[in-house]
Amino acid sequence: MSLPAQARVVIVGGGIAGCSTAYHLARLGVTDVLLLEQGRLTNGTTWHAAGLVGQMRPNRNMTRMSLYGIELYGALEAETGLATGWKQCGSLNVARTPERMQVLHKQAALARSCGIEVHVVSPQEAGALYPVMRTDDLQGAIWIPGDGKANPADLCMSLAKGARNRGVRIAEGVEVTGVIQEGGRVAGVRTASGDVRCETLVNCAGMWARQFGRLAGVNVPLYPAEHFYIVTERIEGVHPMLPVMRDPDGFIYYKEEVGGLLMGGFEPVAKPWRVEPIPASFQFQLLGEDWDQFEVLMNNAIHRTPCLQTAPVKMLLNGPESFTPDGNFILGEAPELRGYFVCAGFNSAGIANSGGAGRLTAEWIVGGDAPLDLWDVDIRRFAPVSGNRRALAERTAETLGLHYAMRWPRQELQSARPLRTSPLYDLLAARGAEFGSKNGWERANYFRPAGTPAPAHGLGRPGWLPWVQAEMRATREAVALYDQSSFGKLQLQGPDALALLQRLCAADVDVAEGRMVYTPMLNSRGGFESDVTVMRLAPDRFLVVTGSAQPARDASWIRHHVAPGEFVVLDDVSNAWCVLSLMGPNALALMRRVSPDDLSPQALKFAHTAEIDLGLARVRAARMSYVGGPGHELYVPVEMARHVYLALHEAGADLGLVDAGYYAIDALRIEAGRRAWGAELGPDETPAMAGLLNAVRLDKPTPFVGRDALLRARAEPLSKKLLAIVLDGADDWVWGGETLWIDGEPVGELSSAGWGHASGRCVGLAYARGPAARRQHAGTPVELELWGRKVPATAWDRWTPR
């Protein structure tokens, strides 16, 4: 077909993600859509995908997405007349170890609370469901009857037909060679067959998505890896409705394939496909067999299903698939270019996820904002440096291997580190810091005593707890020093800076110079796009302080709301300033030893800042505390941070000064009722739900984004409400994500959890949904589902304003 001169939306990539996006745009009434595929539909990864389709995901929104996908796949054949190969055969996840069984219990609890039918079954019951499986070494399993499998190529073709039937145009054999940009927006694409103008471009290019993104200066951090499975000849006892089976302790999965077994997996150390660039001619092609790489999977499979010892193997398939640095796929509008969307990087789960992901992408394009909280998969979660190819290759070797590996609570990824470090990194390491990584930043989680190794991971009370308790005790009873240099710091200046912030911030930020204001930034639904602290440095200059993971997201949100004719300049100055937080009752005494300036509460009030002398340096001191209690945040030029840190330690030894890390911060802020973005706060949570209406000025002169939604919601009952949770038993350890039960009903999950210094037991925060959100809680008896058993706790409506 000849290409049109223009289309409202151009989709690049004709795999299942691209076809699903086209289909859902058309269902929403957007039919002026052109899908361009450089080869033939499905020719990249889709055609050789295994086709497993499951419902369970790590959180509610991703689970809702998967539930929709199964609903779609079950109905698509009747709509289009094309077979999809969909069979609702159910799935079985088995556990070899007690710890894995505990994790399956937790996953089952979340699934049930999301409306998924799931059953915990014995090894014998699992064997009856999957007769060719060995069960004598199993702890148990979970059975999900609503899961299934599909034929990936047929499913993709059915979506494409559904899109065509609604008016979408699909052109094969057309390679997109460039992206036309005008005024910071997508304006069209270039191809050998001519240019096509468009308002919106969707990058659904699969494993080509990163190199295609670079044509427009868009970072899409994914990398291909070799992914293997075998297909056998027919095996007795294997039939078309045999369930999908996963043995994560063996790193393997199974599904029935023409009377035989398709068995693949995720080996512990994966094999990145180091080809740069991936040629456009790589169509319907496979990579060479590698039985050495596959050996660990084959050995585990023979152990689990002994029939494979003698079953003839038709083929060992090796097809590349794309993986991301954190194992989550990539969705949304790119921060670098307006109108440029991405739907890619599915980490070998594209068939299961693309039905829902295509719908979400379409809704985002049509609605202008993300339709719900998609932070786990939002492209804006990545810093620009995440596109480094060497780092991506190293990380891919790790993340593919962790797909089925036992993921322990607070387990850190190890590859491609350290990368972003504060000037204090070596000093903290020498003092025993155990580092974690956030958005590439190395951050001290806690400090080990000299000569003590880091404890092993586990599901119960952690070995590092005594060291974190000491850091918490110092924060509450003496003084502790935290390196929080990874904070995002955005400088906004210009004659229209105040007007822009007043439209974006729910609080009033028109304050005196030197003041700090904690404020939500809301979306049109009244949910949190971010929560930030705005520091006014001059009449036309502000510093916006945000979380370590959020600078790209928040900068994009701010830039997208600059009105025509407004003049502002926004710079990410995160790397220019360190933040040292000095917290505890002895903080003021220590500051008086190193600074001649008056830092008393009368001279430097809460939420005020001042430039001061500290040692030989000039820093900005702020009276602000995320952990609760007295203290100062010190904003220090990076070149002076080492001097300031050493000066504080030299002066503070006899005051009980200790170094402290993020585990202590998290636990203390939970007990103080401080919310965290990405845990308690997100696009689906309003200030009323989060108990933060005190941070909102509904009556300020400037209307702000989300105000109308908040006003409308005042007349409606809350659909969910944040509660403080204190466990009754001091020996029960929770990590977060445990299901909350009130009056015998599952109503939510712990969004955060940690050790309570004051209470001497675990504490947490949790949203209660439904009727439980519309009643008062002042010591309400509740239960938490902990590894398959319910433990008592108490819920409260009590909050300390941040």
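The values are calculated or read from the model by the stated rules, or taken from the named source; none is laboratory data. Model, not experiment: these values are computed from the prediction. For neighbour counting, all protein chains shown are included, and Cβ atoms are generated from backbone atoms with ideal geometry for every residue, glycine included. These accessible areas exclude ligands, DNA and RNA; they are computed on the full protein's heavy atoms, side chains included. Shrake-Rupley method; radii C 1.70, N 1.55, O 1.52, S 1.80 Å.
Annotations
- Rounded to the nearest 10 degrees, the inclination of helix 98-113 to the longest alpha-carbon principal axis of the chain is 90 degrees.
- Unit Cα scatterers, Debye sum, region 603-726: log10 I(q)/I(0) for q = 0.10, 0.14, 0.17, 0.20 Å⁻¹: -0.50, -0.85, -1.04, -1.21
- Summing +1 for each Lys or Arg and -1 for each Asp or Glu among the other residues whose beta-carbon sits under 11 angstrom from that of P123 gives -1.
- Positive-end ranking of G54, T42, A95 along the dipole of region 1-112, with charges on Cβ about the Cα centre, is headed by A95.
- Computed over neighbours whose Cβ is under 11 Å from that of R190, the net charge equals -1, Lys and Arg +1, Asp and Glu -1.
- The Kirkwood radius of region 16-126, taken over pairs of alpha-carbon atoms, gives through the Stokes-Einstein law at 25 °C and 0.890 mPa s a diffusion coefficient of 146 µm² s⁻¹.
- Antiparallel %, DSSP beta bridges [both residues in the chain], to 5: 80 percent
- Entries in K87/K161; K605/K700; K255/K721; K605/K720; K106/K721; K271/K314 that, when Cα-Cα distance is taken, lie over 31 Å: K255/K721; K605/K720
- Linear extension gain, R448 paired with L646, 0.36 nm per residue minus alpha-carbon span: 69.3 nm
- In this structure R769 has an accessible area near 70 Å², from a 1.4 Å probe over the protein heavy atoms.
- Accessible surface of the chain, 1.4 Å probe: 50 percent of it comes from carbon and sulfur atoms.
- Debye equation applied to the C-alpha atoms of region 326-472, log10 I(q)/I(0) at 0.16, 0.18 Å⁻¹: -1.02, -1.15
- Centroid-to-centroid separation of region 677-714 and region 462-482 [C-alpha atoms, Å]: 34 Å
- Heavy-atom accessible area for R190, with the other protein chains in place and a 1.4 Å probe, reaches approximately 110 Å².
- Of Y73, Y518, the residue with the largest accessible area leads and the full order is Y518, Y73 (1.4 Å probe).
- A 1.4 Å probe run over the chain, with the rest of the protein chains in place, finds 37 Å² accessible per residue.
- Evaluating 6.51 cos²θ - 1.76 cosθ + 1.60 at θ = phi - 60° for every residue in region 559-567, the Karplus couplings come out as 4, 5, 10, 6, 7, x, x, 7, 10 Hz, glycine and proline recorded as x.
- Considering only M406, G764, G29, the residue lying farthest towards the positive end of the dipole of the chain is G29, judged by Cα position with unit charges set on Cβ.
- 222 nm mean residue ellipticity, helices alone, for the chain (DSSP H n ≥ 4; -39,500 (n - 2.57); rounded to 500): -7500 deg cm²/dmol
- In sequence order, region 503-520 has phi-based couplings of 6, 8, 9, 6, 8, 8, 9, 7, 10, 5, 4, x, 7, 10, 10, 7, 8, x Hz under the Karplus curve 6.51 cos²θ - 1.76 cosθ + 1.60, θ = phi - 60°, and Gly or Pro positions carry x.
- Residues in region 260-272 carry Karplus couplings, in order, of x, 10, 9, 10, x, x, 10, 5, x, 10, 7, 10, x Hz; the curve used is 6.51 cos²θ - 1.76 cosθ + 1.60 with θ = phi - 60°, and Gly or Pro positions show x.
- Diffusion constant of region 135-276 at 25 °C, which comes from Stokes-Einstein with the Kirkwood Cα-pair radius and 0.890 mPa s, µm²/s: 126 µm²/s
- Cβ crowding within 10 Å averaged over residues, with 643-651, 116-124 ranked highest first: 643-651, 116-124
- Solution diffusion estimate, µm²/s, Stokes-Einstein, region 612-663, Kirkwood Rh from C-alpha pairs, 37 °C, viscosity 0.692 mPa s: 270 µm²/s
- Heavy atoms of K161 accessible to a 1.4 Å probe, total area in Å² rounded to 10: 70 Å²
- Amide H contacts of A433: R448, each under 5 Å away and 5 or more positions distant or on a separate chain (H built 1.01 Å from N in the peptide plane; Pro and chain starts excluded).
- The chain: relative contact order as a whole-number percent, Cα under 8 Å and 6+ apart: 11 percent
- For S548, the residues whose modelled amide H falls within less than 5 Å of its own, excluding neighbours fewer than 5 places apart on the same chain, are G488.
- When the charge dipole of the chain is built from unit charges on Cβ atoms (+1 for Lys and Arg, -1 for Asp and Glu) and taken about the Cα centre, the candidate among V534, Q124, L419 whose Cα reaches farthest toward its positive end is V534.
- Its convex hull of Cα atoms gives the chain a direction-averaged projected area, equal to a quarter of the hull surface, of 33.5 nm².
- Distance histogram for region 208-272 (every C-alpha pair counted, 10 angstrom bins, percent rounded to whole numbers): 19, 31, 23, 19, 7, 1
- Residues with amide H under 5 Å from that of A187, placed H, sequence gap 5 or more: I180, Q181, E182
- When +1 charges are put on Lys and Arg Cβ atoms and -1 charges on Asp and Glu Cβ atoms, the dipole computed for the chain relative to its Cα centre reaches about 1000 debye.
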